[in-house]
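The values are calculated or read from the model by the stated rules, or taken from the named source; none is laboratory data. Every value quoted in this text rests on a predicted model; they were computed, and no experiment measured them. Cβ atoms come from the backbone with ideal geometry, glycine included; neighbour counts cover every protein chain shown.
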Amino acid sequence: MAASDKVQAKIQREIFELTTSIAGLVASFKKLKRPLAESHEKVPQATDQLDKISEQTEAAAHQMLDQIEQITQREDELIKGTEHLKAKIQAGESEEAVRMIDKIAEMANNNLNDAYMIMDSLQFQDITAQQMDHAASILEDIETKLDTILDAMGDSVRSDRAARVAPKTRAYDPHADLFDRKTNQEDIDSLFDKKQQ
Amino acid sequence: MSQTILVVDDSPTVVKFLSFSLKGKGYDVLTARDGMDALEKMSSLETSVDLIITDLNMPNLDGYGLIEAVRESQEHQETPIIILSSEEGVEDRERGISAGASSYLVKPFKSTLLLTEVSKYLN
């Protein structure tokens, strides 16, 4: 074989190896593309969910603070009312005393109702806990996708972490919402009434 | 003798909230953290449960599974079951009906509405 033929064969072999290597790289990048694209889509979902939690906890806290403010105002009036009541009783003005007792009872009743409303509002904890579970599951999904990328790159981070952290079982409603009610109770009741007929 | 209500929910906040509201109206309240826990508690009870209030999304055994299991038992075929869930889609409601639920309330709910619903089944 002539020297020039040897050189040509060597070049051909190197070009073939280079082509194989590039093909391998392209295949690896293709493998990375999907998890990267999916992670890219999921990050805004998780961010939106966290923003929603922040907004809804703020709204629920304001609602409760408004109710507490009303309760404390009534409590002030109640304290003053009992002092007046005492004075009226001591002065023997029984009719006025009875009227004041009725007013005090009415305020106490309103306070009780507001206390129940605060309790109702505290359900925000359950709803936002479900929203947080949803956000966490999106982030876990992103983590899995990133692990796939690391695996493809020959990194062993995933197995180390997987050995450390046991996956948490999450049971949640991805649509849980404190304010955005899509159906009303009457519609639901009528569905159940039809079933019972 | 007061009537017994079984509250099944994996949220400790909801369980506490419901227990407070129902005990305030004189009912005895038993609690379970998921469907499986509820079935275990029901099987070990000496007294019967008069009404069940259950969530849908729960680990181990969800609300649908619990309702189906309860309806299969001789003892609890007629026990009223109220679903309390943040799921408000038509599919969820229809699945609740098919499983054998008596009522369906969407979370968050007003405690007065729940107490009215409970009093429909218990006197």
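Restricting A:S121, A:S28, A:S137 to residues that are closer than 23 Å to B:K16 by Cα, among the hydroxyl-bearing types (S, T, Y) and at pLDDT below 90 narrows the list to A:S121. For region B:79-102, does any single residue satisfy the condition of being more than 13 Å from chain A (Cβ to nearest Cβ), free of Cβ contacts under 8 Å to residues at least 60 places away in the same chain and more than 28 Å from A:T128 (Cα to Cα)? Yes: one or more hits. Scan region A:151-164 and tell me whether some residue there is loosely packed, with under 12 Cβ neighbours inside 10 Å, within 14 Å of chain B (Cβ to nearest Cβ) and either modelled with pLDDT of 70 or more or not in a loop (DSSP other than H, G, I, E, B) (or both). No; the residues of region A:151-164 include none that is loosely packed, with under 12 Cβ neighbours inside 10 Å, within 14 Å of chain B (Cβ to nearest Cβ) and either modelled with pLDDT of 70 or more or not in a loop (DSSP other than H, G, I, E, B) (or both).
Report whether or not B:L105 is touching a residue at least 40 places away in the same chain (Cβ under 8 Å), surrounded by 15 or more Cβ atoms within 10 Å (Cβ to Cβ) and touching a strand residue (DSSP E or B) at 6+ places or on another chain (Cβ under 6 Å). The answer is no for B:L105. Among the residues of this structure, B:Y121 counts as one that is surrounded by fewer than 19 Cβ atoms within 10 Å (Cβ to Cβ), in contact with an Asp or Glu (Cβ under 9 Å, 6 or more places away or on another chain), within 14 Å of chain A (Cβ to nearest Cβ) and of a type in the set (S, T, Y). Tell me, please, whether a residue that is in a helix (DSSP H, G or I), touching a residue at least 24 places away in the same chain (Cβ under 8 Å), out of contact with any Gly (no Cβ under 7 Å at 6 or more places or on another chain) and among the small types (G, A, S) can be found in region A:110-125. The answer is yes; a qualifying residue exists. Looking across region A:118-141, the residues that are crowded, with 19+ Cβ neighbours inside 10 Å and either aliphatic (A, V, I, L, M) or more than 14 Å from chain B (Cβ to nearest Cβ) (or both) come down to A:I127, A:A135, A:I138. Against the list (1) surrounded by fewer than 15 Cβ atoms within 10 Å (Cβ to Cβ); (2) modelled with pLDDT of 90 or more, the condition B:S85 fails is (1).
For every residue, the table says whether it meets (1) exposed (fewer than 12 other Cβ atoms within 10 Å of the Cβ); (2) closer than 30 Å to A:D177 by Cβ; (3) at pLDDT below 90; (4) of a type outside the set (K, R).
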{"site": "A:D5", "(1), (2), (3), (4)": "yes, no, yes, yes"}
{"site": "A:G24", "(1), (2), (3), (4)": "yes, no, yes, yes"}
{"site": "A:S39", "(1), (2), (3), (4)": "no, yes, yes, yes"}
{"site": "A:Q45", "(1), (2), (3), (4)": "no, yes, yes, yes"}
{"site": "A:Q70", "(1), (2), (3), (4)": "no, yes, no, yes"}
{"site": "A:R74", "(1), (2), (3), (4)": "no, no, no, no"}
{"site": "A:L78", "(1), (2), (3), (4)": "no, no, no, yes"}
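Of everything in region B:42-72 that is among the charged types (D, E, K, R) and crowded, with 16+ Cβ neighbours inside 10 Å, the residue that is nearest to B:N123 (Cα to Cα) is B:D50. Restricting attention to region B:16-34, the residues that are without any contact (Cβ under 8 Å) to a residue 60 or more places away in the chain and not β-branched (V, I, T) total 11.
Checking the stated criteria, A:K88 turns out not to satisfy the condition of being among the basic types (K, R), within 44 Å of the chain's Cα centre (by Cα) and surrounded by 13 or more Cβ atoms within 10 Å (Cβ to Cβ). In region B:43-58, the residue that is nearest to the other protein chains (Cβ to nearest Cβ) out of those that are in contact with a Leu (Cβ under 7 Å, 6 or more places away or on another chain) and within 21 Å of A:D173 (Cα to Cα) is B:D55.
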